[in-house]
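Notes to accompany the following structure.
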Amino acid sequence: MIRLTGISKHYVAAGRAVPALEDVDLEIRAGEILGIIGSSGAGKSTLVRLINLLERPSGGEIFIGEERTTALTGRDLRNLRRRIGMVFQHFNLLNARTVAANVAFPLQLAGERDRKVIAARVAQLLERVGLADQADKYPRQLSGGQKQRVGIARALACSPRILLCDEATSALDPQTTRSVLDLLQELNRELGLTIVLITHEMDVIRQSCDRVAVIDGGRIVEEGPVSRVFLHPSHPATLRLVREAEHGGGGADTGQAHGRAGPLFRLTFLGETAHRPVLGRIAAETGIDYAILAGRVGHIRQTPYAQLTVALVGGNVAAAIGRLTTAGIEVERLGGQVPAGEALHAVA
Ligand code: ADP
């Protein structure tokens, strides 16, 4: 639905070109929640601001549906921006206006004059984001999570098909982050809204996105379904972000353990298999023993996962691997060492 081809962006600062994006190709599918993750300065904000042409690319083209938006100017460009809502890290609310007046603002900018129409739409939007009883408050009277709900209601005022979220939860505590991400997922499901979510936190991606693109040094270095990128990161930048999400992943000190134990495997349980007691049963049936050297468990959106690094000892290892695979568990043979940073963690 949204397609970026060969996008580059250079800023000019103090007479010098500052490269922000290089040769970015990206496709965002209608109705999905796509996460774009990268560390500070990677180019995330630039990328998201190009989608609604708050910034112009230095090279390349952007299409929304069949429309080449990089060709638009004037009124057409304003109309395009109206079809794309945006939510910001620091909410960007008008402090002198009430909650209701903040949400009404884009409708007024779009030329709506009928007060009854505006009032009805604002009431509907505030109801949708759970703030029906806060309409007459001012932003300073609200919590961070409530302010962001106002920001979301305002972004939806003109019924956009696309919502861009630039670090929308980065100023919020984990519990509030979760409730705002839940709201975004509801809006995605109920309105068929396409959501592009920029973040530097892998946990945000894990909790809310269908697919993820990893950006590093202005380039997309890895892209795919969240379950694949999160459980099998291949680029060093992705690995770093996954480890950060797991609180630094101090690294299981398994030097001695794996020195004595057998070959190492990484077992990935995704979905229902994460809840089945298969490992012990297969170990007993095939006469192997196992040492768990590292692991992580949690959810990717609503899907449970568990990933264990184990040393298999004695017995019929080949038979055990065969049975594990048949039971729907992904088995990877690792080299001699537990990869640095893998540790025992429980992620909610
Ligand atoms: P992120 O959102 O991932 O932190 P940004 O897109 O904000 O990254 O920035 C990418 C690069 O572009 C950085 O090197 C940043 O310093 C530079 N940059 C961003 N905005 C501007 C600007 N308006 N003028 C000059 N350089 C900029």
Exactly one of (1) touching a Gly at 6+ places or on another chain (Cβ under 7 Å); (2) of a type in the set (A, V, I, L, M, F, W, C); (3) open to solvent by 50 Å² or more (accessible area, probe 1.4 Å) is unmet by Ala17. Its number? (1)
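Hey, among the residues in segment 295-323 that are of a type in the set (Lys, Arg) and either part of a strand (DSSP E or B) or under 30 Å from Leu184 (Cα atoms) (or both), which one's least open to solvent (accessible area, probe 1.4 Å)?
Arg296
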Condition check: within 19 Å of Ile2 (Cα to Cα), within 16 Å of the ligand (Cβ to nearest atom), open to solvent by less than 30 Å² (accessible area, probe 1.4 Å) and in contact with a Ser or Thr (Cβ under 8 Å, 6 or more places away or on another chain). Does Val196 satisfy that? no
When (1) among the small types (Gly, Ala, Ser); (2) under 30 Å from Val204 (Cβ atoms); (3) at pLDDT 90 or above are applied to Ala340, the one that fails is (3)
Taking segment 219-237 and keeping only residues that are under 22 Å from Ser8 (Cβ atoms) and β-branched (Val, Ile, Thr), one is left with Ile220, Val221
Say whether the condition of being away from the ligand (no atom under 16 Å from the Cβ), in the same structural domain as Ile152 (by TED's automatic domain parsing) and in contact (Cβ under 8 Å) with a residue 40 or more places away in the chain is met by at least one residue in segment 64-78. yes
Every residue from segment 223-242 that is within 16 Å of the ligand (Cβ to nearest atom) and either buried (at least 22 other Cβ atoms within 10 Å of the Cβ) or among the β-branched types (Val, Ile, Thr) (or both): Thr238, Leu241
Working only within segment 171-186, note down all residues that are open to solvent by 40 Å² or more (accessible area, probe 1.4 Å) and over 17 Å from Ala245 (Cβ atoms). Ala171, Ser179, Asp182, Glu186
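So that you can scan it fast, the table gives a plain yes or no per residue for (1) part of a helix (DSSP H, G or I); (2) among the polar types (S, T, N, Q); (3) at pLDDT below 95:
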position: Ala155; (1), (2), (3): yes, no, no
position: Leu163; (1), (2), (3): no, no, no
position: Leu172; (1), (2), (3): no, no, yes
position: Glu186; (1), (2), (3): yes, no, no
position: Arg189; (1), (2), (3): yes, no, no
position: Leu197; (1), (2), (3): no, no, no
position: Ala213; (1), (2), (3): no, no, no
position: Gly224; (1), (2), (3): no, no, no
position: Ser234; (1), (2), (3): no, yes, yes
Sort out which residues of segment 138-153 are outside any helix (DSSP H, G or I) and among the aliphatic types (A, V, I, L, M), and write them in order of number. Leu142
Residue identified as farther than 13 Å from Ile37 by Cβ and either within 16 Å of the ligand (Cβ to nearest atom) or open to solvent by 10 Å² or more (accessible area, probe 1.4 Å) (or both) among Ala157, Ala168, Ala153: Ala168
Number of positions in segment 82-118 that are open to solvent by 60 Å² or more (accessible area, probe 1.4 Å) and of a type in the set (Gly, Ala, Ser): 1
Among (1) within 26 Å of the chain's Cα centre (by Cα); (2) within 12 Å of the ligand (Cβ to nearest atom); (3) among the hydrophobic types (A, V, I, L, M, F, W, C), there is one condition Met86 misses while meeting the rest; what is its number? (2)
Given the residues Glu285, Glu272, which is the only one that is open to solvent by 20 Å² or more (accessible area, probe 1.4 Å), assigned to a helix (DSSP H, G or I) and closer than 26 Å to Arg178 by Cα? Glu272
Residue by residue through segment 12-47, note down the ones that are in contact with a strand residue (DSSP E or B) (Cβ under 8 Å, 6 or more places away or on another chain), at pLDDT below 95 and more than 8 Å from the ligand (Cβ to nearest atom). Ala17
Any idea which of Thr46, Thr98 is more than 20 Å from Glu223 (Cβ to Cβ) and among the polar types (S, T, N, Q)? Thr98
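The values are calculated or read from the model by the stated rules, or taken from the named source; none is laboratory data. Remember, it's a predicted structure, so these values are computed and weren't measured experimentally. Every residue, glycine among them, receives a Cβ derived from its backbone with ideal geometry; neighbour counts consider all protein chains shown. Please note that ligands, DNA and RNA were not included when accessible areas were found on the heavy atoms of the full protein model with its side chains. Shrake-Rupley method; radii C 1.70, N 1.55, O 1.52, S 1.80 Å.
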